[in-house]
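Structure, as structure tokens:
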Amino acid sequence: MNQEGSQGEAGLAAVRDERVLVTGASGFIGRHLCARLVAAGARVFAVNRGGGAKEADDPLAPAPRWRSADLSDREEVRGTMAWARPDRVVHLASLVKGSRDRELVSAMFRANVESTLHLLEAATELECRRFVQIGSLEEPERGEVASSPYAASKAAASLYAQLFARLYGLPVALARVFMVYGPGPQDRAKLVPYVVGELLAGRQPRLSSGRRPVDWIYVEDVVDGLCRMLVEPGAVGERLDLGSGELVTVREVVERLVGLVAPGIEPELGALPDRPSEVVRKADVERTAQQIGWRPRVGLDEGLRRTVEGLR
């Protein structure tokens with residue numbers, strides 16, 4: 001899994017000179033994906049909620065055209081799609097919060113379900129060649145109940161994407177992305193950047209018990225997978241996992257980060273309560289490999305080392 005090279009690049013010749021719309025483009029994954037698509041010669045149209053002019057000098061996103069849009073507003077989505085006239089769409093934009101707070105239910109619905117529905121409608125009207133919907137490991141399997149407002153909203157968005165594929169012929173591919181980490185600008189409240197930041201500052205990270213097993217996946221591996229899903233025929237109509245296929249507890253990842261950054265600091269494990277009903281799920285990497293030829297290449301130790309170097 002430590003081989004070098006980008007398996008997503010081989011098939012990306014198909015997007016050269018094509019128009020690719022990326023929502024959530026200023027986010028952690030979005031920046032890396034836009035950079036890869038630009039390097040492949042795609043005409044990238046990057047959308048975020050807060051405006052994109054400030055991103056123009058970002059070395060991870062050298063040349064996309066930017067637009068600000070509220071994707072929960074149907075007319076703004078129509079205007080955005082008319083502006084980009086995309087051949088392909090990657091819908092990364094999402095409100096991501098693990099809280100179980102009831103106040104989040106309606107906000108998640110607007111941000112994650114309505115936005116997806118509006119984009120699916122517009123992409124169908126424009127006869128887009130591919131629509132990649134980003135799912136989550138939090139989404140419940142058949143017969144399970146969602147464990148958070150976020151999980152429920154992502155599951156609903158995926159169902160709408162499948163509906164548009166079945167009834168209206170939109171070439172949809174569903175990417176179920178597992179716990180992404182890596183270098184680059186990102187939400188510092190997320191576990192890996194939070195722990196690294198605290199250790200670099202000489203502070204003890206305050207954490208929950210750390211007992212939860214998680215499938216961790218390096219961001220460039222995720223980008224490789226998304227690039228393949230954007231072009232490979234085997235992705236159409238499928239929900240494919242982008243993860244490592246291995247479970248490692250939060251505690252173990254924190255211990256590895258301590259060893260890389262500040263071996264003398266002892267994290268405060270158990271200082272915060274565990275969230276109820278945490279999902280434990282491992283990616284089905286073999287099925288993804290069969291459908292689109294993708295496997296993760298960066299192992300956890302190497303990925304954490306690169307992440308620490310980048311966050312320094």
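Some points to look at:
- Residues with amide H under 5 Å from that of Val132, placed H, sequence gap 5 or more: Val89, Val90, His91, Ala173
- Tally of Lys pairs whose C-alpha atoms are under 20 Å apart, taken over the chain, 8 or more apart or cross-chain: 5
- Extent along principal axes [Cα atoms of the stretch 271-312; Å; largest to smallest]: 43, 33, 12
- Gain on full stretching of the segment that runs from Val280 to Ala39 - 0.36 nm per residue minus C-alpha separation: 83.2 nm
- Whole-percent carbon and sulfur share, accessible surface of the stretch 159-261, 1.4 Å: 51 percent
- DSSP-loop GluC sites (Glu not before Pro) across the stretch 115-191, with at most 13 other Cβ within 10 angstrom: Glu127, Glu141, Glu144
- Volume in Å³ per residue [convex hull over Cα atoms, computed for the chain]: 126 Å³
- Amide hydrogen neighbours beyond the local backbone of Met179, cut-off 5 Å, H modeled: Asp215, Ile217
- Length gained when the stretch Leu272-Ala63 is fully extended (0.36 nm per residue, less Cα-Cα span): 71.0 nm
- Helix 219-231 axis versus longest C-alpha principal axis of the chain: approximately 20°, rounded to the nearest ten.
- Our coupling estimate for the stretch 300-312, obtained by passing each phi through the Karplus curve with A = 6.51, B = -1.76, C = 1.60 and θ = phi - 60°, is 4, 4, 5, x, 5, 4, 5, 5, 4, 4, x, 7, 4 Hz, Gly and Pro reported as x.
- Whole-Å semi-axes of the stretch 89-247's equivalent ellipsoid (Cα gyration tensor): 30, 18, 14
- Counting only protein heavy atoms and a 1.4 Å probe, the chain has 44 square angstrom of accessible area per residue.
- Efficiency of FRET between Arg211 and Glu144 - r from beta-carbon atoms, R0 22 angstrom, step 0.05: 0.60
- Highest-fluctuation residue, Arg16, Arg49, Arg142 considered, GNM on the chain with Cα pairs under 10 Å: Arg142
- Cβ crowding within 10 Å averaged over residues, with 235-247, 27-39, 199-211 ranked highest first: 27-39, 235-247, 199-211
The values are calculated or read from the model by the stated rules, or taken from the named source; none is laboratory data. All of these numbers come straight from a predicted model, not from anything done at the bench. Cβ coordinates were reconstructed from backbone atoms using ideal geometry, including for glycine residues, and neighbour counts include every protein chain displayed. For the accessible areas, the whole protein counts, side chains as well, though only heavy atoms, and no ligand, DNA or RNA atoms are used. Shrake-Rupley method; radii C 1.70, N 1.55, O 1.52, S 1.80 Å.
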